[in-house]
Amino acid sequence: MGGAVYMSTESERLANILREPLFPCIQCGKCTGSCPISVISPHFNIRRLLYETLNSKGEEIAYQKEMIWDCSTCTTCVKRCPKKVDPSDLIISMRSVLVEDGHLPPKVRDVLKSISVRGNPWNIGQEKRSEWAEGLGIKSIADAEILYYVCCTTAFDPRLQKIARALTKTFQKAGVNFGTLGNNEVCCGNEIRRMGDIWSFDALKEMNLGMFGQFPIKQIITTSPHCYNTFKNEYKELAIDVKHYTQVVSDLIKKKKLKFSKKFEKKVTYHDPCFLGKQNQIFEEPRAILKSIPGLTFIEMDRARERALCCEGGGGRMWIEAFEAKERTATIRVNEALELGADILAVACPFCLLTLEDAVKSGGFEEKIQILDIMEIVNQVIE
């Protein structure tokens, strides 16, 4: 046969799937201009990625683009796009191609394997998941109506376990009838989905939905905005009310179920987590908690609420060191807090706490500013 023959290969089919949602793109560059990673990465350019995707063929869509592992999936690009294009979804789809083919950075491969084998991304035995709760007298969810979903990172990381203990003590003092899943709790799947393993995410979702369905749970409270976002927006079949802890604690204070017995005489500013703030519009509750604490002087950051700068902890960035950055966004954020004269940079996300605290340590700022979760502050002043 003469002439060109078009073969509808799987890779070309995938290329079309990836390209179609990008057709409205007008190459205005607002995605790149607003992207926090593009400021620090020498090669991360969303506008260029969109252009190349729209004008490429087959396998080259996902391959030869190491920059796709740089993205923190903060969705700032989505919020700024005048045509409602979702570059973060494109990047997740590209990652899924590489996951399916096993074409992965070693650390990503290790994380995905750990979740598959141990139910968490930290390669720690599941039997240690509830060690943080020893001596606290926490009920099993079988004996309670509200599930406190702790989160893998909060349950296993020694620094973050302080948040879980502080939140537990606060709930107990307020008379909240809550329990946990103990060692039966498994990963919600938020980060692995954003690393491209959509198959494992679906399996975890099915497992969690089955587990939740075994108990008469009226509400789920999460430590992490990432878990909150997943249960709220990506577990479509979940018919249970989901709250982030800041929503619950703010309500407890409003109803006078929590009373403060001490003053916290510090200047405090607050960092909006991407998955809580710009992705779920939860801005007021964290601030309401801080402003209600006696003696605390609250200072608002310039880049706050939807304009808040991503700490760089999401989208698998906790495990991926994909590029040599000029400066970490967490370091920029800490410097912004220092310029305000803040004593405390408060957070409401485990990932934000780790990235910002690491920036404080690496910058030698331990004597100038402290990173604390909101619950660590609350726990110091309640009766």
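Summary of values
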quantity: Hey, Gly363 closer than 18 Å to Cys71 by Cβ and either buried (at least 18 other Cβ atoms within 10 Å of the Cβ) or out of contact with any Asp or Glu (no Cβ under 6 Å at 6 or more places or on another chain) (or both) or not; calculated: no
quantity: Some residue of the stretch 102-113 being more than 29 Å from Lys218 (Cα to Cα), modelled with pLDDT of 90 or more, under 19 Å from the mean Cα position of the chain (by Cα) and among the β-branched types (Val, Ile, Thr); calculated: yes
quantity: Residue that is surrounded by the most Cβ atoms within 10 Å (Cβ to Cβ) [pool: residues in the stretch 190-214 that are without any contact (Cβ under 8 Å) to a residue 60 or more places away in the chain and not in a helix (DSSP H, G or I)]; calculated: Gly213
quantity: Yes/no for Ser200 being among the small types (Gly, Ala, Ser), outside the structural domain of Gly315 (by TED's automatic domain parsing) and in contact with a Gly (Cβ under 8 Å, 6 or more places away or on another chain); calculated: yes
quantity: Criterion (surrounded by 14 or more Cβ atoms within 10 Å (Cβ to Cβ) and outside the structural domain of Ala155 (by TED's automatic domain parsing)) met by exactly one of Lys79, Lys84; calculated: Lys79
quantity: Residue in the stretch 191-199 that is at pLDDT 95 or above and of a type in the set (Gly, Ala, Ser) present; calculated: no
quantity: Which listed residue is modelled with pLDDT of 95 or more, among the small types (Gly, Ala, Ser) and on the phi > 0 side of the Ramachandran plot, from Gly341, Gly315; calculated: Gly341
quantity: Set Ser72, Ser88: member being under 24 Å from Ala325 (Cβ atoms), part of a helix (DSSP H, G or I) and small (Gly, Ala, Ser); calculated: Ser88
quantity: Qualifying positions in the stretch 133-161 - surrounded by fewer than 22 Cβ atoms within 10 Å (Cβ to Cβ), assigned to a helix (DSSP H, G or I) and touching a helix residue (DSSP H, G or I) at 6+ places or on another chain (Cβ under 6 Å); calculated: Gln161
quantity: Residue tally, condition within 17 Å of the chain's Cα centre (by Cα) and at negative phi, over the stretch 260-303; calculated: 14
quantity: Test: Ala330 is within 20 Å of Lys107 (Cα to Cα), in contact (Cβ under 8 Å) with a residue 24 or more places away in the chain and of a type in the set (Gly, Ala, Ser); calculated: no
quantity: Residue match in the stretch 341-354 (condition: surrounded by fewer than 16 Cβ atoms within 10 Å (Cβ to Cβ) and farther than 27 Å from Trp122 by Cα); calculated: yes
quantity: Checking Gln27 against (1) modelled with pLDDT of 90 or more; (2) within 28 Å of Ala330 (Cα to Cα); (3) part of a loop (DSSP other than H, G, I, E, B), the condition it does not meet; calculated: (2)
quantity: Unmet criterion (only one of (1) within 14 Å of Val347 (Cα to Cα); (2) surrounded by fewer than 16 Cβ atoms within 10 Å (Cβ to Cβ); (3) without any contact (Cβ under 8 Å) to a residue 24 or more places away in the chain) for Arg307; calculated: (1)
quantity: Every pair of residues 6+ apart whose Cβ atoms lie under 6 Å, when the first sits in the stretch 118-134 and is under 17 Å from Ala166 (Cα atoms) while the second is modelled with pLDDT under 95 and not in a loop (DSSP other than H, G, I, E, B); calculated: none
quantity: Restricting the stretch 237-288 to residues that are of a type in the set (Ser, Thr, Tyr) and assigned to a helix (DSSP H, G or I), the residue that is surrounded by the fewest Cβ atoms within 10 Å (Cβ to Cβ); calculated: Ser250
quantity: Complete set of residues in the stretch 215-235 that are of a type in the set (Val, Ile, Thr), in a loop (DSSP other than H, G, I, E, B) and within 16 Å of Ser140 (Cβ to Cβ); calculated: Ile217
quantity: Residue among Glu367, Glu376, Glu357 that alone is part of a loop (DSSP other than H, G, I, E, B), over 21 Å from Val108 (Cβ atoms) and either in contact with a Pro (Cβ under 9 Å, 6 or more places away or on another chain) or outside the structural domain of Asn123 (by TED's automatic domain parsing) (or both); calculated: Glu367
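The values are calculated or read from the model by the stated rules, or taken from the named source; none is laboratory data. None of the values given here were measured: they were computed from a predicted structure. Cβ sites come from the backbone with ideal geometry, for glycine too, and all protein chains shown count toward neighbours.
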